[in-house]
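**Student:** Have a look at the structure that comes next, please.
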Amino acid sequence: MNKNFLSLCAIVLACNGIAAQQQQNDSVALQKLDEVVVSDSRFALKRENSGKTVIKITAAELARNQGRTVAEIITTKSGFEINGSRGREGTILGIFARGGRGKQVLIIIDGVRVSDPSSSSSEYDLRLLPVSNIESIEIVKGAASTLYGTNAATAVINITTKKASKKAISGNFQSTVGTQQTADNQNYNASEFTNLANINGSLNRFNYSLGVTNRFSNGLSDLINTEEKDAYANYSLDLKLGYQFAENFDIQLYANQTKLNTGYDDSFVGIDAPFLFNSEQERIGIASKYSYSDQGSLHINAAYAEYTSENISAFPNDFEANNYTLDIFNKYTFNNQFYTILGLNYIQDASRFAEDRQITITDPYANFVYVSSFGLNLNAGARLNNNSEYGNKLVYNLNPSFSYKLDDGYIKVLSSYATSYITPSLTQLYGFFGANPDLNPEENRTIEGGMEYANSTLRASALYFNRDENNPIIFDGANGYQNSEGFIDAQGLEVEVDWNLSEVIQWTANYTFTERKGDNAIRIPKHKANTSFDVTISETTFASFNYAFVGKRLDSDFSTFPSTQINLDSFSLVNFYFSHTLLDQKLKVFLNVDNLLNEEFVETIGFNTRGRNVRIGFNLTL
């Protein structure tokens, strides 16, 4: 039997043993039953009233992952595999959720869709987002186009940035130094550095936040069997200003500039090369809320973003793009049972090719949630997509669930039927290579069914999903981009456990089975599992062990023609985190050890992966 699978079983059995010893401990007051989720309905509802198994990454969990990237954190969650997150810093990321591709995942920052219209699929580059500026992340899996529009087919990653302190002035400073090394070259040279500084506060009705983050690494080459180190640098500046005009009316203004520079090699011939990719994002936005009664409020979220990038290689090119996003919606609650949203979403994407091109999307939408007094919950809605290039498309969702209250907790049965759409990108419509202005949107249909149990110390869930992709856009050699006549079907099972075994030990685990039919399903593991033991040693000391198992998957060797299909072996990784606070909880020092057992593995054919690596750092809050 596979040794990785045996390792996972051993951890699960150990957990059960610890749990048995802790069953008599009823002094835990962890209040899992009061947890609130927002993203699946846009209302703050108790988890038991949600028809989804929402993943919530809290500020506390982010603090326990200091030094890691957003991609490293998200890839540990059920249903997700982010290819490249375990490789050289700056490697291109491939986001796979529920057997889908990156274009089927929508990323939202502070209520506004973010995407790069110059990329081939209008995807957002997660490398542009520093963890240091994030307050929390909520992930809703499944089709969510009714509430969020295009690209919300397999998941929505809803990111909330940090809010200002209630004090007049507060500061947060963090510095991390670490290694970037492969399993067969454990030199332990300091080659990864992260520094951040944030000043924020509140003065009467005014609040402000200014943050600067810089990340640099220069320890690994992009490709295996090459020696030249490919450097990566990321600089980010974030400004947020807010004003409370009245108790029922506030406005937040924000601005961001991020610059990314990364070297890479010639992967087609597998040799060192002085290639360089430069990217810059500049984004400004506004978020306002006006509460006209205790039951109703009007919200406006708007942003403008510019993206520029330059590819210095054997085939040099550069890109320029921008987009406007406006989302206006009204929220109203009837009798604390009916929660309604009526909204209008407007998007304008523009990019420069032989000439400037743009598309516009204007979507009215409606959604409502019914929370009954006898356990029935219903989330339903519809959106009419109006696209300047292909016309209209209707999407809808129906998400009933039923919660049965227990003396300490609840059992919830949930189900969902939802459709979604993916708009053809500007590159696919009007780009330089294989453009097709007659493309239609991709269509997705998702069915879900599952159960969740929760009490004051335990939450466990199991969910089956089935997703059908119709009209997928593919690049068909000499014919360019085409809507394929075939179907792609993805199905799977997701299991999650979050268990406070005692007042000081927390166990979390997840398992995902994914099966994709209709294409080669490259880089998508059929089996994947993650588990973590978090131990609060004292009020000032914390430790965590994490285990990740990634099963066998298929990859393509694109350095050959035609490309060769290769089966990649499964692998397991063990990570360790330790922190200790000083100076009355103001100073935290921490240690991260990734791939503790120094396992050698392949994530993408021909590209380097990280062996055992160490990060140490501090976080100072004033």
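The values are calculated or read from the model by the stated rules, or taken from the named source; none is laboratory data. All values reported here derive from a predicted model rather than from experimental measurement. Here the Cβ is made from the backbone with ideal geometry for all residues, glycine too, and neighbour counts use every protein chain on show.
**Student:** Restricted to region 150-163, and to residues that are out of contact with any Lys or Arg (no Cβ under 7 Å at 6 or more places or on another chain) and part of a loop (DSSP other than H, G, I, E, B), which residue is surrounded by the fewest Cβ atoms within 10 Å (Cβ to Cβ)?
**Tutor:** Only one residue fits best here, namely K163.
Yes/no per residue for (1) free of Cβ contacts under 8 Å to residues at least 12 places away in the same chain; (2) loosely packed, with under 15 Cβ neighbours inside 10 Å; (3) out of contact with any Pro (no Cβ under 6 Å at 6 or more places or on another chain); (4) more than 30 Å from E503 (Cα to Cα):
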| site | (1), (2), (3), (4) |
| --- | --- |
| N530 | no, no, yes, no |
| T564 | yes, yes, yes, yes |
| L573 | no, no, yes, no |
| Q585 | no, yes, yes, no |
| K588 | no, no, yes, no |
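**Student:** Going through Y464, Y453, Y511 one at a time, which residue ends up being more than 30 Å from S425 (Cα to Cα), surrounded by fewer than 20 Cβ atoms within 10 Å (Cβ to Cβ) and out of contact with any Ser or Thr (no Cβ under 9 Å at 6 or more places or on another chain)?
**Tutor:** On the way: Y453 fails: out of contact with any Ser or Thr (no Cβ under 9 Å at 6 or more places or on another chain); Y511 fails: out of contact with any Ser or Thr (no Cβ under 9 Å at 6 or more places or on another chain).
Being more than 30 Å from S425 (Cα to Cα), surrounded by fewer than 20 Cβ atoms within 10 Å (Cβ to Cβ) and out of contact with any Ser or Thr (no Cβ under 9 Å at 6 or more places or on another chain) holds for just one of Y464, Y453, Y511, which is Y464.
**Student:** Given the conditions (1) hydroxyl-bearing (S, T, Y); (2) at pLDDT 90 or above; (3) under 27 Å from N379 (Cβ atoms), report the number of the one that T69 does not fulfil.
**Tutor:** (3)
**Student:** Quickly run through region 215-251 and pick out the residues that are surrounded by 17 or more Cβ atoms within 10 Å (Cβ to Cβ), of a type in the set (S, T, Y) and in contact with a Ser or Thr (Cβ under 8 Å, 6 or more places away or on another chain).
**Tutor:** Selection gives S217, Y232, S236.
**Student:** So, I605, is that one in contact with a strand residue (DSSP E or B) (Cβ under 9 Å, 6 or more places away or on another chain), outside any strand (DSSP E or B) and either under 29 Å from I169 (Cα atoms) or not polar (S, T, N, Q) (or both) or not?
**Tutor:** Yes, satisfied.
**Student:** Then there's this: Is it the case, given these coordinates, that S115 is among the hydroxyl-bearing types (S, T, Y) and either surrounded by fewer than 23 Cβ atoms within 10 Å (Cβ to Cβ) or at pLDDT 95 or above (or both)? Full working, then the answer.
**Tutor:** Working: among the hydroxyl-bearing types (S, T, Y): yes; either surrounded by fewer than 23 Cβ atoms within 10 Å (Cβ to Cβ) or at pLDDT 95 or above (or both): no.
Spelling it out, it is not the case that S115 is among the hydroxyl-bearing types (S, T, Y) and either surrounded by fewer than 23 Cβ atoms within 10 Å (Cβ to Cβ) or at pLDDT 95 or above (or both).
**Student:** May I pose another question? Being free of Cβ contacts under 8 Å to residues at least 24 places away in the same chain, within 17 Å of T621 (Cα to Cα) and surrounded by fewer than 23 Cβ atoms within 10 Å (Cβ to Cβ) is the requirement here; does N195 meet it?
**Tutor:** Yes; evaluated as a whole, the condition is true for this residue.
**Student:** Let me ask another. Would you confirm whether or not region 295-302 contains a residue that is over 30 Å from S373 (Cα atoms), out of contact with any Lys or Arg (no Cβ under 6 Å at 6 or more places or on another chain), of a type in the set (S, T, N, Q) and touching a residue at least 60 places away in the same chain (Cβ under 8 Å)?
**Tutor:** Looking for residues that are over 30 Å from S373 (Cα atoms), out of contact with any Lys or Arg (no Cβ under 6 Å at 6 or more places or on another chain), of a type in the set (S, T, N, Q) and touching a residue at least 60 places away in the same chain (Cβ under 8 Å), one finds at least one in region 295-302, hence yes.
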